[in-house]
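Just below is one structure, and these are the notes that go with it.
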Amino acid sequence: MVEQRRSHRAPLDAAVQITRKNGAEATSGIARDVSIGGVFVETVTPLPFGTEVVLHLRVPSQKEELLLPGVVRWTRQDGMGVQFGLLGARETHVITEIVRKAAQAV
């Protein structure tokens, strides 16, 4: 299998709430890995491909939750891959630091 990711990923184990961009529906899951480009969310109720979402992610290093806009790019039985949209400076910094620390730990 050819690796198609452009960004390094870091393992993560963080609760996440997922809402559709229009706010009509919410579901929950666990963010299992993250990169500056996106995240894998383990959930029993993956949303359909192409769904625009906002992830509400709580990271231990942050007092406030991160709000991460994105689009569902793939799904499988146990979860979905979400590609991030435009992230703010704070969100970009937090994710970059998570990935950097994971790379140093290897």
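Structure notes:
- Treating each Cα of the chain as one equal point scatterer and applying the Debye formula with no solvent, the log10 of I(q)/I(0) at q = 0.18 Å⁻¹ comes out as -0.83.
- Between A103 and D78, the modelled labels are 2.7 nm apart [label points 7 Å from Cα along Cα→Cβ].
- Computed P(r) (all Cα pairs; the range 43-94; 5 Å bins; percent): 5, 21, 24, 21, 16, 10, 2
- Taking only Cα atoms of the range 8-52, radius of gyration then Dmax in Å: 10.9, 32
- GNM remark for the chain: springs join alpha carbons under 10 Å apart, and the peak mean-square fluctuation among V39, V94, V72 falls on V94.
All of the numbers you see were taken from the coordinates with simple rules; none came from a lab. Predicted model only: the values in this text are computed from it and were never measured. All Cβ positions, glycine included, derive from the backbone under ideal geometry; neighbour counts span all protein chains shown.
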